[in-house]
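> Attaching a single structure in structure tokens format; questions to follow.
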Amino acid sequence: VLMCQGFISFTFYFAGKSDINSGIIASIFSSSAIFSPILFFFIHKQKLTLYDVAGCFAIVSSVLVIGILGGSGDDSESASSDLLISIGLALGAGFGISLISLFAQWAIVSAKYNPGQIFYDGNFLYGCLMLYLYITE
């Protein structure tokens, strides 16, 4: 959870530096809908249906259209590198969200862990980290 929250925070930091619309970058987080079926296929041998493949295709094509139509006019070298960093972090966050869903599935089904407790524990740890970073800033 902490890794994913960190990726999301830094994604928006670099998106702001590259002067691109944050909504475009946020749409890349939907890549978790691509990563999750792939992870579950390889780990749990779950098969993809035609609806799964069509949904993944629709998400990827929608994100591409949003990215193409909403591009920034700033072509400077630093803005370009910040944009690439932001896109990489957004993809990392999408993968992190997929890993969280994989962990949650294991914790709830195999370890019989309370889903609410997973939520509370993860957010408590994230809050402690953000409080520490705020105080030391």
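The values are calculated or read from the model by the stated rules, or taken from the named source; none is laboratory data. Model, not experiment: these values are computed from the prediction. Using ideal geometry, Cβ is built from the backbone for each residue, glycine included, and neighbour counts are taken over all protein chains shown. For the accessible areas, the whole protein counts, side chains as well, though only heavy atoms, and no ligand, DNA or RNA atoms are used. Shrake-Rupley method; radii C 1.70, N 1.55, O 1.52, S 1.80 Å.
Yes/no per residue for (1) modelled with pLDDT under 85; (2) more than 18 Å from the chain's Cα centre (by Cα); (3) within 20 Å of I28 (Cβ to Cβ):
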position	(1), (2), (3)
A79	yes, yes, yes
W106	no, yes, no
S110	no, yes, no
I118	yes, yes, no
G127	no, yes, no
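> Follow-up. Report the residue count in region 31-47 for those that are assigned to a helix (DSSP H, G or I) and either of a type outside the set (A, V, I, L, M) or open to solvent by 60 Å² or more (accessible area, probe 1.4 Å) (or both). Don't jump to the end; show me each part of the working.
Filtering region 31-47 for residues assigned to a helix (DSSP H, G or I) gives 31-44.
From the residues that got through so far, the ones that are either of a type outside the set (A, V, I, L, M) or open to solvent by 60 Å² or more (accessible area, probe 1.4 Å) (or both) too are 31-32, 35-38, 40-44.
Residues meeting the conditions: 11.
> Any idea which of F119, F95 is surrounded by 13 or more Cβ atoms within 10 Å (Cβ to Cβ), in a helix (DSSP H, G or I) and of a type in the set (F, W, Y)? I'd like the intermediate steps shown before the answer.
Details: F119 fails: surrounded by 13 or more Cβ atoms within 10 Å (Cβ to Cβ).
It is F95.
> Also, I was wondering about something else. Name every residue in region 8-30 that is open to solvent by 60 Å² or more (accessible area, probe 1.4 Å) and within 24 Å of F119 (Cβ to Cβ), in order of residue number.
Taking region 8-30 first, the residues open to solvent by 60 Å² or more (accessible area, probe 1.4 Å) are 10, 12-13, 17, 19, 21.
Result: F10, F12.
> When the residues of region 48-70 are narrowed to those that are among the hydroxyl-bearing types (S, T, Y) and over 19 Å from the mean Cα position of the chain (by Cα), which ends up most open to solvent (accessible area, probe 1.4 Å)? Write out each step before concluding.
In the first step, residues of region 48-70 are kept if they are among the hydroxyl-bearing types (S, T, Y); the result is 49, 51, 61-62.
Still in the running and over 19 Å from the mean Cα position of the chain (by Cα): 49, 51.
Values: T49: 69, Y51: 197 Å².
Among residues in region 48-70 that are among the hydroxyl-bearing types (S, T, Y) and over 19 Å from the mean Cα position of the chain (by Cα), the one most open to solvent (accessible area, probe 1.4 Å) is Y51.
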